[in-house]
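Quick note: the coordinates plus some simple rules give every number you see, no bench work behind them. Keep in mind the model is a prediction, meaning the values are calculated, not measured. All Cβ positions, even for glycine, are placed from backbone atoms using ideal geometry, and neighbour counts span all protein chains on display.
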Amino acid sequence: MLYKQKILLIHKNKILKKKIAEYLREIDFAVMIAENIEDAFSLAKSIEPDIILWGAALTADAKKILRKIKRSKFCRNAPVIAMIGDIELYDRIELEKNGISDVINADPVLTDLRLKIRLHLEYRKKQEKYEKEISRLQNISEIQYNISIVNDLNRLCELFDDFLYNDYPFDFILQLIYNPKSGDYDYNNFITKDPENNENASDIFEGPVWKEVYFSKKYEGPERISNKKVLDFLATIGLNSEVYYQMPLHANKKPVGVIIAGSTIKQALSNAEFNDLSVLVNSAGQRIFELRKIYGERNVAPQGEPTEKRDIFHRFNDDEIFEYLTKQVLEKLKTDVSIYFNYNKGFRFLYPQYCYQAGSEINLFDDDKPPVLMAKDYPTFEKFLESKKKNAVFNLTKNALPDLAAMTELAGGTYNSILIFTVEIANEVKGYLITANENSMKRFSSVIIKEAETIIRKATDVLMEGRLVKQANQTIKQLDRVFELGKDLTLESHISELLPKIATAIRRTLGWNIVMLDRKNVYENKFENVCYFGVKEKVFKSIQDKYPNTMYSKLKSRCFHQSNSYFLDHKFAQIEIKETDIAVFERKVGKQWNDRDWLFIPILSRGKELGVISVNDPVDRIRPNDDRVRSLEYFANQAAVALENASLFESLKTSETKYRDLAETMTMGLITCDIKGDIIYNNPSFASLMRYENSSSLVGRNIYELASDKASTELEKYVVYESNDDKDDESAYEFGLEVEMLANDNKFVPFKIFLTKSHEHGEKGGFLGVFSDLRPQKRIERLKADFNSMVVHDLRSPLNIIQGYIDIVRNKVVGDISDEQEELLSIAKENCYKVLKLIDNFLIASKLEVGQFQVTPEVNALNTLIESVFENHKILAEKKNIQLELKIDRQVPLISFDKMRVEQVLTNYISNALKFTTHGGKIEIGNRMVSVEKELTGEKQKEIRVWVKDSGVGIDLEEQDKVFNKYEQTEAGKDASLKGTGLGLAICKEIITLHRGKVWVESVPQEGSTFYFTLPVFTPN
C-alpha cells in the first residue's frame, strides 16, 4: 500500500474548509481537520503531518501555537502555508519568524494550492536528504578526528565499533586487530542485536577462517563478502543476514585487522556511504600502525580497575568520596571538566558541590559557591532525571540545549559534548555527575562509559558499606538502650518513673545536654511537663512563662520538617518559611549548632499526639542529619508505648471495675465458659438461682452436664451457631433458647439463655451466657395447661357419650335403620373421632408449652417397631394403589427409646406420606446406622437414621423450614381435602428432641419428600 502524504488543515470558513479537504483527498492526500487552534497542536502531535494549511486568524495565541508546533520534534520540518490575503514583504518576514513557510489566498485557486503543496513537499524532501547527508558527514568528521587524537589502541577500536553500530543499519559487527608476531589478536569485539548470538562470541573469535582469508599475504579489499569459505562459516555460527560487508584494515598494504558487518537490509549502504567507510577504515588501519610504532607491539587489552582504588575509597568520608569520584571520572574519560551536583529528591533541587577542570587539582566551587538549581528550570535535565536512566550523552552542536549549556557554564567556558551520570546509593539518587568536552567532536565510547559507571558503582558500594556499618554500630548502641527501657515498659510500670528514664537515656546515649519531655492532657488539650534536664529551674520557668503550652505548639508552623520531627532554626523563629528557605536549611545540616536552635520530636501513636520531646545543645555542636533525628524518634516511640500502656492500664482498670460491678449486681445469671463448656466465671445471681451458696461452687462444672438431656443437645447447637462467623440465619436465636438446668436441690430450673462468643488474647476462647429465670412464666403456663386439660376432659366426656349412642343406633339395638341412616351415622362417628384426635393433639401441645411432655425410654428393637407400623398401613396403601416398600438395616442394635412415642412419630410420617401421595405412587420406609461427628467437639457418635420417602406433591424450598413448627402448614396441606391441625410434625419434633435426636425434611416440588429422624445409639440419662 502506497504511503499517503498527510495534511493538517485548519480554516475559519467551514464551507471553504470542506471544499479544500474534498479536493485534496481526491488528489490522494490524507487530510486531517483541526476544528480550532487549541486542537491543532494535539492533532499535529498524533498524526505528524507532512504539511500544515493554516486558514485560521493569526492571533497572538495562534502564532504561539504555530511556534510550538514548529519547534516540536514531530513537525520540525513540516512546511506551513498560511491562507490569508495579500500581505506586504515586511509582514511576510514576520510570518516566517513564526514558522510560516508560504502564504496563499484564504479562498485559493485549488490548482495553485496543489502546486504550492507539491513544491513545499519536494523542498522538504530535499532538505531532509541534505540534513541527513550533512549529519552523516559530520559524524564521519567526528570519528576521523577522534581516530587522529586517540592514543590507545583499545579506545580507537571501541570508538569505531560504536560509530558503526549506532550510525549504520548493521545487525552485527565483528572487529579483529591482528598481531602477526604473536599470532593472536590485540583486540577482538563482537556486537549484535540478537542476544542469542552473544553466546557464540568465543567460537566466532576462534574461527580459523579469519586468519586464512584476511591475515595471509593475499590482499583483500573493502567490498561485499563473496568468499564462500567466509559465508559458510557465518552461516554455521548462526549469523544470518541479507548482506555481509568486509572492511579490512591495512597499513602500507599490510593487514592490520578486519571489520565484518552484516545487515538484513539488502541495500544497507549506498556506494557513497561504503566508499566513505572504506576511506575511514584505511585511516583507522594507518593510526593503529602509528600507535604500534610509537608505543611498541603489545597487547593493550582493557585493564580492570586496580584494587587500590577501592581501598582508597575506604579511607574517605562521604563528601571526600564524591569529590574523589569527580576527579577520577575526569581523569578516566580524559574530558575537559567534571561537575558533581548533590540532589534533593523532596524539593527537586541541585546543589553544585565539586567542579574540576583537566590538569587542575582545585575545586572551582570552594571559593565561589554557585546558586542552588531547581530541576524545573532545566527541562532537558529534568527529563533525564524522570527517565531514571543511568547515563545520557548530549551533543550541543547538533542539538542546542540551553539548559544543559548553562549547567556546564558554572565551570566557566563553553562545553558542547556532555555526558551525565546518575549517582545512586541503595536505589536512592544522591546526585548527578556531569563531565564534558569543549570540542563536540570528541566522542564517548560505550566501553569507556561502562568503565566510568564501574568507578561510580565502586564508590557508591563503599559509601553503602560505610553507611551500613556506621548505622549498624549506632543502631546497636541505641537498641541496647531501647531494649533496657523495653524491659521497664510493662502495664504495671508507673508512667512517672518511665518517662524520666527515657529522657535520661536520650542524654546519655544520643548526646543531648538539654532534654525536656512534655505529656499531652487529652481532656484539657494542653501539654504538661513531665521532666527536664540540662537547664536551671529559673531558665525553665522563663520558657514556661513565654510558652505556656510548650514551644512546640507555638512554633511548630515556623519549623523545618526533618524526618518526622521539627527543627526550629533561630533565624526563622519569627518569620514565615518560604520554599527557597528549605534549600538553605538543607545546606546547613552538619554545620554549627546555635544555642537558640531547637529540635522537637513529637510522641505519636496511631497519628495521635501524646506528647513531645524537646532537645538542645548537642555534645558535638553539629546540626543533626536525618539519621540522628531518627535515633531520637526511636526513643519517642518508646515514650509513646509507655504513654499508651499507661492509658491502656487505666482504661482496663476502669473497664474491669465497671463491668465487674455490673456482673456482680445484676439480677440475671451470668456465666463465662471455655470452648468445652467448663464454667470459668459465674455471678452471684446465677449461683443463687441454681441454689448454691457461693459462685465458686460452680466454677469448673460443665454447663452441658448441668443441662437436661434435651437442653444439652440444643445448647450445643446454640454454641456451634454462635462460634460460626458465617451465619446462614441471623435470626435463628434472636429470642434466645429455653433450657432446663439441674440445681443444687436436684430439681430442674427453667431458664432462657442468650449466648455470645468470648475471646481470650485475641482468639476465640469459649462463650458467655446470660440466664433469665423462667419459673414465674412457667407457673403461669402450668395454670394455663391445667385449664386446657380440664377443658379437654370436659369436651372428651360428652363426645365419648355421643360416640356410644351412635354405636348403639348403628348396631340396631333400638331398631332397624335404613342404609342412608347407617351411612350418616358412620360419618358422624368419623367426625367424632377426628374431634377427639384434635383434642388429644391440643392437650399434647399444651404439655409441650409448659415442659410437661415426657418420654420414657426403654431398651427395644427399633426394627421390630418399624415392621409393625409398616404392616399396619398396608391396607390403607392398597386402597390408594400405593406401593409400600421396606428397607431395614439388620445391623441396627437394640437401643433405648420410648416405643409408644416413636411409634407415634412413625405413624405420623407414614400417614402424611399416604395423605400427600397420589394413586399409583410409592412410599419407602427404611433405616440404617451411621457415624456422625459432633459439630462442637468433633467426637464420633453412632446414630440410627430413619426415613419415610414418598413420591407425592413435594414441598417448596421456602416452606421446608417451617413444616415442624406448631400450627404451620404447607400450601399443599391447606387443601381442604388434606387439611390437618398443623400439630403432628411439631409433636414429632418434640418427641425426637427428647430422645436427643433430630428431625428434618428433604423435598423437591412435584417429585416427592423424604422425612427423617435420628436416634442416638446410647441410653439417655
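Quick notes
- Using the Cβ-Cβ distance between LYS389 and TYR123 with R0 = 41 Å, the FRET efficiency computed as 1/(1 + (r/R0)^6) comes to roughly 0.65.
- Shown for ASP819, ASP112: other C-beta atoms within 10 Å of each C-beta, ranked fewest to most, produce the order ASP819, ASP112.
- Under Stokes-Einstein, with the Kirkwood radius over Cα pairs as Rh, the value for segment 635-713 at 37 °C and 0.692 mPa s is 219 µm²/s.
- Angle between the chain longest axis and helix 775-810 axis [Cα atoms, degrees, rounded to 10]: 50
- Segment 517-561: Cα Rg divided by the 2.2 N^0.38 Å rule of thumb: 1.21
- Distant-in-sequence amide H partners of LEU604 (H built 1.01 Å from N, under 5 Å): LEU610
- Placing +1 on the Cβ of every Lys and Arg and -1 on the Cβ of every Asp and Glu, with no other charges, gives segment 854-1016 a dipole of roughly 340 debye about its Cα centre.
- Among [x] 40.2; [y] 78.9; [z] 52.0, the entry derived from the coordinates for mean projected area of the Cα convex hull in nm²: [y]
- Considering only THR667, ASN513, VAL329, and ranking their Cα positions along the charge dipole of the chain that arises from unit charges at the beta-carbon of Lys, Arg, Asp and Glu, the one farthest toward the positive end is VAL329.
- Positive-end residue, the chain charge dipole about Cα centroid, Cβ charges, pick of TRP1000, SER723, TYR214: TYR214
- Computed from the alpha carbon positions, the gyration tensor of segment 6-133 leads to an equivalent ellipsoid with semi-axes of 19, 18, 16 Å, biggest first.
- Under 20 Å from a label point set 7 Å out along the Cα-to-Cβ vector of LYS97, the amide N atoms of segment 45-69 belong to 57-69.
- Total charge dipole magnitude, segment 150-295, about the Cα centre, Cβ charges on Lys, Arg, Asp, Glu only, Debye to nearest 20: 820
- Across LYS390/LYS458; LYS710/LYS966; LYS45/LYS193; LYS717/LYS989, pairs whose alpha-carbon gap is larger than 22 Å: LYS45/LYS193
- Taking one quarter of the surface of the C-alpha convex hull of segment 329-471 gives a mean projected area of 8.9 nm².
- Degrees, to the nearest 10: 110-149 long Cα axis against longest axis of the chain: 70
- Förster radius 25 Å - calculated FRET efficiency between ILE237 and SER446 (Cβ-Cβ, nearest 0.05): 0.60
- Model label sites at LEU648 and GLN138, defined 7 Å from Cα along the beta-carbon direction, differ in position by 7.0 nm.
- By the helix-only formula, in which each DSSP H run with n ≥ 4 contributes -39500 (n - 2.57) and the sum is divided by residues, the chain has a 222 nm mean residue ellipticity of -14500 deg cm²/dmol.
- The phi torsions of segment 862-871, fed into the Karplus equation with coefficients 6.51, -1.76 and 1.60 and a -60° offset, translate into couplings of 5, 4, 4, 4, 4, 5, 5, 5, 4, 5 Hz, rounded to whole numbers, with Gly and Pro shown as x.
- Restricting attention to the chain, close to 85% of DSSP beta bridges with both partner residues there are antiparallel.
- Between LYS541 and SER868, the simple label model (points 7 Å from Cα in the Cβ direction) yields a spacing of 10.4 nm.
- For segment 308-465, a crude dipole built from +1 on the beta carbon of Lys and Arg and -1 on the beta carbon of Asp and Glu, taken about the Cα centre, is about 740 debye to the nearest 20.
- In plain terms, the residue of PHE649, PHE215, PHE1018 with the fewest other Cβ atoms within 10 Å comes first and the most crowded comes last, giving PHE1018, PHE649, PHE215.
- Whole-number D in µm²/s for segment 854-1016 (Stokes-Einstein; Kirkwood sum over Cα pairs; 37 °C, 0.692 mPa s): 201
- Working note: Karplus 6.51/-1.76/1.60 with θ = phi - 60° gives segment 811-822 the couplings 7, 6, 5, 9, x, 5, 9, 6, 4, 5, 5, 5 Hz, where Gly and Pro are set to x.
- Cβ crowding within 10 Å, taken as a proxy for footprinting-reagent exposure, orders SER557, SER135 from fewest neighbours to most as SER557, SER135.
- In this calculation the C-beta distance from ASN702 to ASP461 is compared with R0 = 56 Å, giving a FRET efficiency of 0.25.
- Taking each residue as 0.36 nm, the span from ARG606 to SER270 lengthens on full extension beyond its C-alpha to C-alpha distance by 113.8 nm.
- For segment 406-421, putting each phi into the Karplus relation 6.51 cos²θ - 1.76 cosθ + 1.60 with θ = phi - 60° gives couplings of 5, 5, 6, 5, 4, 7, x, x, 10, 10, 10, 10, 10, 10, 10, 10 Hz, in residue order, rounded to whole numbers and with x for Gly and Pro.
- Dipole-positive endmost among ALA56, ASN529, PHE274 within the chain (Cβ charges, Cα centre): PHE274
- Tilt relative to the chain, helix 60-71 - C-alpha long axis, 0 to 90 degrees, to 10: 80
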